[in-house]
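Derivation of every value follows stated rules applied to the coordinates shown; laboratory data play no part. From a predicted model like this one, the values you see are computed outputs, not experimental measurements. So basically every Cβ, Gly included, is an ideal-geometry build from the backbone, and we count neighbours across all protein chains shown.
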Amino acid sequence: MKSALIMILMCTSVVLGSASSCIKEVEPMNSINNSTMENGKIKITVNSQSFTATLLDNDSAKAFMIMLPMTIHMTELNGNEKYDDLSNSLPTNSSNPGTIKNGDLMLYGSKTLVLFYKTFSTAYNYTKLGTLDDATGLASALGSRNVTVTFAVE
């Protein structure tokens, strides 16, 4: 009887011990990579004014960069952004940034490219592609109407 009890305890400890080694740590779902992409500089031209942006090192920004150069007609929205629906969907890793900053280049959903020209709080989720190195003059260059914008690899 004693040996049967010892055998049961040993088997139980082996089973429980091996189960704990199967537990896998999971990274947070919305972990954001804020490191910049090597050779990730792009030029954004509005009318005759040019801005340099640095893309982040993520799958979305890499897929966007492959699409360049492109000239698109961006639509005004809310007095703080210009947007356009891209021809192809891009990979996403959206999260709520809390605050959008002047010069942020983001993806809403998987196809809508958004260039922000004012800083404000948001409740929406975006995938960040990059940001302008210096957004001085961006709002005046974009104006208050729809505008044609060219994106190119620098």
Exercise for the section: At 7 Å along the Cα-to-beta-carbon direction for both T150 and D59, put a label point, then send me their distance in nm to one decimal. Expected result: 3.2 nm
Completion exercise
Computed for the range 30-154: size of charge dipole around the Cα centre, +1 on C-beta of each Lys and Arg, -1 on C-beta of each Asp and Glu, debye to nearest 20, value 160 debye
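Sorted from fewest to most neighbouring beta carbons within 10 Å, what does the list T54, T99, T119, T127 look like?
Values: T54 17, T99 10, T119 13, T127 23.
By the 10 Å Cβ count, ascending, the order reads T99, T119, T54, T127.
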Fill in the blank from the handout: Square roots of five times the C-alpha gyration tensor eigenvalues of the range 38-153, ordered largest first and given in whole Å, equal 18, 17, 14
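Quick check: net charge around L56, other residues with Cβ under 15 Å of its Cβ, Lys/Arg +1 and Asp/Glu -1?
Numbers: positive: K41, K62, K101, K128; negative: E38, D57, D59, D104, D133.
My count for the surroundings of L56 gives -1.
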Handout entry: Hits among aspartates and glutamates - C-alpha to C-alpha of K41 under 12 Å, sequence gap 8 or more where chains match
Key = D57, D133, E154
Exercise for the section: Report the FRET efficiency, 1/(1 + (r/R0)^6), for Q49 and L77, where r is their Cβ-Cβ distance and R0 is 25 Å, rounded to 0.05. Expected result: 0.75
Completion exercise
Given a Förster distance of 22 Å, the FRET efficiency implied by the Cβ-Cβ spacing of T112 and T136, rounded to the nearest 0.05, works out to 0.30
Practice task
Can you tell me the relative contact order of the range 38-153? Whole percent, Cα pairs under 8 Å, sequence separation 6 or more.
Solution key: 37 percent
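Grab the Cα-Cα distance for S87 and T122, subtract it from 0.36 nm times how many residues apart they are, and report the gain in nm with one decimal.
Values: separation 35, 0.36 × 35 = 12.60 nm, distance 2.58 nm.
Taking S87 through T122 to full extension adds about 10.0 nm, to one decimal.
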